[in-house]
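For reference, the structure is listed below as structure tokens.
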Amino acid sequence: MTTGHLSRRLSSWILIVSLSVVGVVAGCDSSDPSPGEQPSPDGGTNTPDGGPSPDSGTASPDGGPSPDGGTTSPDGGQQPPPEFTWGHGTESGTLVGNVWTPGRDATGLVNEVSWALVPKDRWIEVAGTPLTTLDAEVKAALPGFRDLGSQGLAGVINAYSGVALDAPRARWWAFGGGHADSSNNGIYRFDMAKMRWSIEQLPDHSANWTGVPWGNTYSSYPPASEYAKAHPDSDVTGDEFFDPARPAASTGNPTARHTYNGLVYNPDLEEIAFGVRRMWRYSLTTRKWTRHNPFNTPGASYNGETGYGGAAGWTFWDEVAGRYVFGPTENGNYSRWWSFGAADKSWKWEVITPPTWFFAQMARVGRTLVSFPAPGHEEPHVHFPRLITYDLDTTKWGELKLTSDLVRARCFSEYFEGQVFAYVPPLNRYIAAFRYDRDGDGSFEYRTYEVDPVALTLREAPQYEAGAFGGWHELVKNRFFYLATHHALVYVRRGEENLRVFRLP
């Protein structure tokens with residue numbers, strides 16, 4: 001991460017609507033469930049295929065092994081992705097201290113008897129699960145490949161990026177990097193069924209960029225930026241690999257970039273999407289990227305006021321409306337949200353946001369989006385702690401005030417992106433973690449909490465700190481979540497570290 005980039009992302013606290021907008025507590029009518037009463041749906045209403053559109057860039061060449069997340073049958077129809085399944089072999093693996101080495105069957109699936117070896121109520125590392133284990137495989141597939149960034153493959157996750165989660169099938173995808181951290185724009189998938197990373201799509205080859213004056217960021221491709229400047233009516237912008245002088249580099253793929261909390265998996269269209277800078281979608285069946293210019297405007301730009309996703313925002317798929325919903329309001333950005341229709345390629349400004357909230361995470365519970373601002377970043381007149389809700393059906397914002405024993409003066413109020421927040425349906429609780437000076441000695445330790453959405457309470461829950469957890473990582477983003485397939489919390493901490501799991505009782 002560069003210092004210049006950090007300063008760019010620090011937005012001022014500007015309130016564009018009054019708290020009266022938020023005053024519709026819960027933002028739902030009386031017939032709606034509370035934010036904690038139902039889990040997020042697995043799928044939804046099918047919409048027409050979201051393949052390449054007229055404003056799509058050049059299709060990328062095949063890269064990496066064929067994914068197992070959706071295939072095409074001999075008659076041309078799409079087969080559904082395989083469900084999560086356990087191996088039924090006898091190999092149990094080992095547990096040494098707080099490190100579990102899974103036992104697998106002949107097909108590579110983790111055996112159910114091996115998962116039974118994992119203790120409950122404490123954090124356990126899964127051996128052999130850093131993203132960086134794929135480094136040699138990437139370089140073997142692309143001889144001469146070199147990541148130009150300072151962090152290498154680990155930067156795909158570490159550099160302000162989250163993951164796209166398919167919870168019912170216990171798998172997720174990573175796409176990130178960008179700026180000075182990583183030039184790697186590949187897509188990488190982790191499957192809990194095998195407890196391994198694999199390559200979904202290989203990155204663009206650095207050998208094709210010979211002579212390109214990159215500068216200190218890999219989020220914009222200089223030849224594409226130069227072309228866009230010389231051709232303002234073109235739909236080319238700097239966030240793609242477009243290069244008339246280097247045909248091999250002109251793949252039409254998106255450049256690496258921080259994806260923040262904006263990477264999402266769409267089960268209806270079997271694709272991955274994000275809205276950072278432009279709208280980009282990757283089909284897991286055709287294995288091609290499609291790009292869409294915001295509001296069909298060539299050369300459209302973004303910032304914290306006008307939106308277009310921009311930086312540090314959320315992306316959700318609304319299966320009822322058949323639209324992607326983008327929220328650029330995290331970390332002080334104060335734009336309206338916007339949406340994109342997958343079927344008709346339409347753009348729409350959504351509702352004005354309530355007053356901005358800083359350093360938050362957001363979970364989806366049924367048809368409600370629930371956010372938990374990090375305590376200590378509210379302005380003095382704002383109640384803390386609180387949940388902020390958004391109803392996808394009514395488009396109403398709401399505020400749920402929580403009771404707790406937190407002291408505002410002991411909350412960590414400086415710039416920090418280590419906030420954690422996830423919903424656990426069987427418990428009907430949210431698990432949160434943030435820095436707090438419980439002892440009053442100025443240490444601001446990480447502490448874990450439970451949020452009860454019915455009683456509207458926030459209470460410390462030290463049981464979630466148990467074991468060799470190793471602390472929290474500053475740029476967690478949405479890499480902390482609950483999986484029903486394992487009845488466990490999962491934490492993808494850093495690209496160079498093992499996966500961590502916490503089996504619930």
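Values as computed for the structure displayed
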| quantity | calculated |
| --- | --- |
| Residue that is surrounded by the most Cβ atoms within 10 Å (Cβ to Cβ), among those in region 417-459 that are over 21 Å from residue 491 (Cα atoms) and of a type in the set (A, V, I, L, M) | 458 |
| Set 259, 285, 237: member being open to solvent by less than 40 Å² (accessible area, probe 1.4 Å), in contact with a Phe, Trp or Tyr (Cβ under 7 Å, 6 or more places away or on another chain) and of a type in the set (S, T, N, Q) | 259 |
| Condition broken by residue 191, with the remaining ones in (1) under 26 Å from residue 360 (Cβ atoms); (2) open to solvent by 10 Å² or more (accessible area, probe 1.4 Å) satisfied | (1) |
| Cβ-Cβ under 6 Å pairs, at least 6 apart or on other chains, region 381-397 side among the charged types (D, E, K, R), far side open to solvent by less than 30 Å² (accessible area, probe 1.4 Å) | 386/399; 386/402; 391/27; 391/368; 396/27 |
| Any hit, region 134-145, residues being over 25 Å from the mean Cα position of the chain (by Cα) and on the phi > 0 side of the Ramachandran plot | yes |
| Those residues of region 390-411 which are closer than 16 Å to residue 432 by Cα and in contact with a Pro (Cβ under 9 Å, 6 or more places away or on another chain), in sequence order | 400, 401, 402, 403, 404, 406, 411 |
| Of all residues making up region 236-262, the number that are part of a loop (DSSP other than H, G, I, E, B) and either in contact with a Ser or Thr (Cβ under 7 Å, 6 or more places away or on another chain) or not aliphatic (A, V, I, L, M) (or both) | 18 |
| Pairs, first without any contact (Cβ under 8 Å) to a residue 12 or more places away in the chain in region 128-152, second not in a helix (DSSP H, G or I), C-beta under 7 Å, six or more apart | 139/145 |
| Residue 464 modelled with pLDDT under 95, within 14 Å of residue 123 (Cβ to Cβ) and open to solvent by less than 20 Å² (accessible area, probe 1.4 Å) | yes |
| Lone unmet requirement of (1) modelled with pLDDT of 95 or more; (2) open to solvent by less than 20 Å² (accessible area, probe 1.4 Å); (3) charged (D, E, K, R) for residue 477 | (1) |
| Whichever residue in region 462-484 is of a type in the set (D, E, K, R) and part of a loop (DSSP other than H, G, I, E, B) and, among such residues, is farthest from residue 361 (Cα to Cα) | 474 |
| Answer residue from region 370-412, given it is assigned to a loop (DSSP other than H, G, I, E, B), at pLDDT 90 or above and open to solvent by 60 Å² or more (accessible area, probe 1.4 Å) and is nearest to residue 460 (Cα to Cα) among those | 405 |
| Residue list for region 262-282, filter: of a type in the set (Val, Ile, Thr) and open to solvent by 10 Å² or more (accessible area, probe 1.4 Å) | 264 |
| Whichever residue in region 72-89 is open to solvent by less than 40 Å² (accessible area, probe 1.4 Å) and in contact with a strand residue (DSSP E or B) (Cβ under 7 Å, 6 or more places away or on another chain) and, among such residues, is modelled with the lowest pLDDT | 73 |
| Breaking point among (1) buried (at least 22 other Cβ atoms within 10 Å of the Cβ); (2) modelled with pLDDT of 95 or more; (3) more than 20 Å from the chain's Cα centre (by Cα); (4) assigned to a loop (DSSP other than H, G, I, E, B), for residue 203 | (3) |
| Hey, residue 227 surrounded by 21 or more Cβ atoms within 10 Å (Cβ to Cβ), outside any loop (DSSP other than H, G, I, E, B), in contact with a Pro (Cβ under 9 Å, 6 or more places away or on another chain) and of a type in the set (Ser, Thr, Tyr) or not | no |
| Among residues of region 150-181, those that are part of a helix (DSSP H, G or I) and out of contact with any Pro (no Cβ under 7 Å at 6 or more places or on another chain), counted | 9 |
| Every pair of residues 6+ apart whose Cβ atoms lie under 6 Å, when the first sits in region 336-348 and is in contact (Cβ under 8 Å) with a residue 60 or more places away in the chain while the second is outside any loop (DSSP other than H, G, I, E, B) and of a type in the set (A, V, I, L, M) | 340/279 |
| Test for residue 482: is it open to solvent by less than 50 Å² (accessible area, probe 1.4 Å), out of contact with any helix residue (DSSP H, G or I) (no Cβ under 9 Å at 6 or more places or on another chain) and touching a residue at least 12 places away in the same chain (Cβ under 8 Å) | no |
| Breaking point among (1) at pLDDT 90 or above; (2) within 30 Å of residue 416 (Cβ to Cβ), for residue 234 | (2) |
| Residue that is surrounded by the fewest Cβ atoms within 10 Å (Cβ to Cβ), among those in region 240-256 that are among the aliphatic types (A, V, I, L, M) and in contact with a helix residue (DSSP H, G or I) (Cβ under 7 Å, 6 or more places away or on another chain) | 245 |
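The values are calculated or read from the model by the stated rules, or taken from the named source; none is laboratory data. Just so we're clear, the structure is a prediction, and the values are computed from it rather than from any experiment. Neighbour counts run over all protein chains shown; Cβ positions are idealised from the backbone, glycine included. Only protein heavy atoms, including side chains, enter the accessible area calculation; ligands, DNA and RNA are left aside. Shrake-Rupley method; radii C 1.70, N 1.55, O 1.52, S 1.80 Å.
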